[in-house]
Amino acid sequence: MARFGMVIDTKKCVGCMDCVVACKTENNVPEGFNRDWIVQDARGSFPTVNLEIRSERCNHCDNPPCVYCCPTGASHIHNLGGVVLVDHELCIGCKACIASCPYDARFVHPEGYVDKCTFCIHRVEEGLDPACVSVCPTYCMYFGDLEDPNSEVNKLLNSRKHHAVLPEAGTKPQIFYLE
Amino acid sequence: MNEITNTRMNPGIDPSLSIWNWEIPIYLFLGGIVAGMMIISGYFLFKGRTKDVECSCFLVPFISFILLSFGMLALFLDLEHKAYVWRVYTTFKIKSPMSWGSWILILIYPILILNILIRIPDFLSKKLKFLKSISLKINSHPTAIKNIGLVSMIFGALLGIYTGVLLSSLGARPLWNNSTLWILFLLSGLSSAAAFVHLIAKSKYESHLLAKADNVFLSLELIVLVLFLIGLLTSTQVHISAAEFLISGNYAPLFWVFVIGLGIIIPLIIQLYAVNNKIKHQPVAPIMVIIGGLILRFVIVNAGQASHWFNAGMLK
Ligand code: SF4
Ligand code: SF4
């Protein structure tokens, strides 16, 4: 069984937001909404400052509270790669999943259902990378199977120091940031 | 220093969560008060108070029916994808309190209807004559009435508990993620219900009993509120920051003045005087309790949405 995840090299990311634009174009994300976004995390004070730029999105958690709390099964784990998806036809828009996500990765689409990153499952099923990964000009994003020991994502995680965002929230996020 | 900037500005999500407006607090309040009223009128049925023509157990289920329907309407108004609401009833998700709640609500209606049938309000019995014969049947079996009372108490408790579990199961919001929340909401539902039934009770016996019961509920509610805050304050930084929203932050004035002061302590003092026959029973105390219960839901829902794993350390 594949387990899809992402590895993002914060040493290479320059925060150009190409991934954000690519996602909006690929997935017709409505104006004013974002499925992915850029966070600048600055620590320290000048001149000893550390700046980490992260391209963030739904973490496709392995222990996803958004799936557990959903009363209709609209939020579910896809059989390919454990990707967390929302079935628009099942979603009643109760917003419990939004409240349950520590990353605030979800939003209400103007058409009423809840929306978020899908890891571009429609592309992945055709053997392509998610749109954000495929456009990154610094090649800082990697998508692949975390269960496959020979995958590029796994090799990077085994060879580089990395961290996830808010692992203490306990949802087992599947996006890792190389330090 | 740690400064975080984010390019995301999703409506309803950023800068802090505001997905639930007035509808959810109103729904939680009405659900809670109906839960309390079901427990109280169920208790009266169980104790055989139907012999007293003035028993509030004849009127309370009818009012509960109306209030619950308003609560369900508020819940429905909150849904963003309204045309798909029926999807809730095509499945049952064991891990989802929302799913549990939807099914409990559906089961509550037949129980309330059974309660109403024990003594059908005049305007209904005149229009729907056949109801009279059902009512006669129920009344010819005293154990049936007792059992209706018991089932009402059980389902009332389930409803009251669920209104708290709904929020406490959402681990991403530190203020809600507390195992005492269901007890707090159940007790608040009971105290508001006792206050409401006290207001409409015709019999002196009931007024006195309900004021006494309300004093117990209010005292317990106060204790649970203290435990709720202690639980948060002795937990992680995000939980401490969440508690500070109520103790000293934006929600502190509402919390201390309307929930604790005017919603619990002052009415408790007034009712303590009343049950000890130092003063007459005043409608002001129960009204304060009901308003306090309503504001409690608003404060908890709104402060809970503001509490967060990210910003809890920064917002005070
Ligand atoms: S990041 Fe949020 S929406 Fe995505 S799987 Fe995790 S909890 Fe669910
Ligand atoms: S808003 Fe939709 S996806 Fe989210 S919990 Fe409710 S029904 Fe499920």
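A P(r) calculated from all alpha carbon pairs of the range B:54-104, with 10 Å bins opening at zero, reads 21, 41, 26, 12, 2 percent. Placing R0 at 60 angstrom, the Cβ-Cβ distance between residue B:212 and residue A:126 gives a FRET efficiency of 0.30 after rounding to 0.05.
If you take the alpha carbon atoms of the range A:95-179 and fit the smallest convex hull around them, that volume is 134 Å³ per residue. For the protein assembly as shown, the Kirkwood estimate of the hydrodynamic radius, built from every pair of different alpha carbons, is 24.9 Å.
Could you work out the Kirkwood radius for the range B:77-186, taking every pair of different alpha carbons, averaging 1/r and inverting it, reported in Å?
Details: mean 1/r = 0.0604 Å⁻¹.
For the range B:77-186, inverting the mean 1/r across all distinct Cα pairs yields 16.6 Å.
The GNM of chain B, with springs linking C-alpha atoms under 10 angstrom apart, assigns the highest mean-square fluctuation among B:192, B:125, B:219 to B:125. Just checking the listed ones, B:11, B:283, B:121: in the Gaussian network model of chain B with Cα springs under 10 Å, the one fluctuating most is B:11.
For the pairs B:126/B:146; A:161/B:95; B:82/B:126; B:93/B:132; B:132/B:202, flag any whose C-alpha to C-alpha distance is greater than 28 Å.
Working: B:126/B:146 26 Å; A:161/B:95 35 Å; B:82/B:126 36 Å; B:93/B:132 39 Å; B:132/B:202 24 Å.
Beyond 28 Å between Cα atoms: A:161/B:95; B:82/B:126; B:93/B:132.
Note on the range B:88-133 and the range A:54-81: Cα centroid distance 34 Å, given to the nearest whole angstrom.
Rg(Cα) of the range B:163-217 divided by 2.2 N^0.38 Å? Could the numbers behind the result be given before it?
Values: Rg = 14.9 Å, N = 55, 2.2 N^0.38 = 10.1 Å.
Cα-based Rg divided by the globular estimate yields 1.47.
Calculated FRET efficiency, residue B:51 to residue A:63, Cβ-Cβ distance, R0 = 45 Å: about 0.25 to the nearest 0.05. Residue-wise HN-Hα couplings along the range A:17-23, as the Karplus relation 6.51 cos²θ - 1.76 cosθ + 1.60 with θ = phi - 60° gives them from phi, are 6, 4, 4, 5, 5, 4, 5 Hz; Gly and Pro carry x.
Per residue, the convex hull around the alpha carbon atoms of the range B:175-304 comes to 85 Å³.
Kirkwood hydrodynamic radius of chain B from all distinct Cα pairs, in Å?
Every distinct Cα pair counted, the radius reaches 20.7 Å.
Between the alpha-carbon centres of the range B:226-278 and the range B:34-52 there is a gap of 29 Å.
Between the listed residues B:42, B:121, B:294, the Cα displaced farthest toward the positive end of the dipole of the protein assembly as shown, a dipole computed from Cβ unit charges relative to the Cα centre, is found at B:121.
A protection proxy built from the mean count of other Cβ atoms within 10 Å ranks the segments A:21-32, B:293-304, A:108-119, most packed first, as B:293-304, A:108-119, A:21-32.
Approximating the spin labels as points 7 Å out from Cα along Cα→Cβ, the residue A:163-to-residue B:199 distance works out to 5.3 nm.
If r is the Cβ-Cβ distance from residue B:92 to residue A:45 and R0 is 51 Å, what FRET efficiency results, to the nearest 0.05?
Working: r = 54 Å, r/R0 = 1.06.
Given R0 = 51 Å and the Cβ-Cβ separation, E is 0.40.
Where the alpha-carbon atoms of the range B:1-68 are placed on the principal axes, they occupy 69, 26, 12 Å, in descending order. Select from B:70, B:258, B:92 the residue whose mean-square fluctuation is largest in a Gaussian network model of chain B (Cα-Cα springs shorter than 10 Å). Of B:70, B:258, B:92, the Gaussian network model singles out B:92 as fluctuating most.
What are the semi-axes of the equivalent ellipsoid for the range A:4-178, taken as the square roots of 5 times the Cα gyration tensor eigenvalues, largest first, in whole Å?
Details: eigenvalues 132, 68, 57 Å².
Value: 26, 18, 17 Å, ordered largest first.
What the phi angles of the range A:162-172 give under the Karplus curve with 6.51, -1.76 and 1.60, with θ = phi - 60°, is a coupling list of 8, 8, 9, 8, 6, x, 5, 6, x, 9, 6 Hz, glycine and proline written as x.
Which value in deg cm²/dmol, rounded to the nearest 500, describes the helix-derived mean residue ellipticity at 222 nm for the protein assembly as shown, given -39,500 (n - 2.57) per DSSP H run of n ≥ 4 and division by the residue count?
Numbers: 17 runs with 238 residues, N = 495.
-15500 deg cm²/dmol, from helical runs alone.
Of B:19, B:107, B:79, which is farthest along the charge dipole of the range B:19-168 in the positive direction, counting Lys and Arg as +1 and Asp and Glu as -1 at C-beta? Value computed over the given set: B:107. Here the average projected area of the convex hull drawn through the C-alpha atoms of the range B:1-148 stands at 13.9 nm². Note on A:107-118: average number of Cβ atoms from other chains within 10 Å of each residue's Cβ is 3. Summary value for chain A: 32 percent relative contact order, contacts being C-alpha pairs under 8 angstrom separated by 6+ residues.
Dipole of the range B:2-314 (Lys/Arg Cβ +1, Asp/Glu Cβ -1, origin at the Cα centre): which of B:32, B:145, B:274 lies farthest to the positive side? Result: B:145.
Please get the size of the charge dipole for the protein assembly as shown, origin at its Cα centre, with Cβ charges of +1 on Lys and Arg and -1 on Asp and Glu, quoted in debye to the nearest 20.
Details: 39 positive and 35 negative charges, 502 e Å.
In debye, rounded to 20, the protein assembly as shown gives about 2420.
Measuring nothing but protein heavy atoms, the accessible surface of the protein assembly as shown at 1.4 Å probe radius is 64 percent carbon and sulfur.
The values are calculated or read from the model by the stated rules, or taken from the named source; none is laboratory data. Note that the structure is predicted; figures quoted are calculated from it, not measured. We place every Cβ from the backbone using ideal geometry, glycine too, and count neighbours over all the protein chains shown. Heads up: the accessible areas ignore ligands, DNA and RNA and are worked out on the full protein's heavy atoms, side chains in. Shrake-Rupley method; radii C 1.70, N 1.55, O 1.52, S 1.80 Å.
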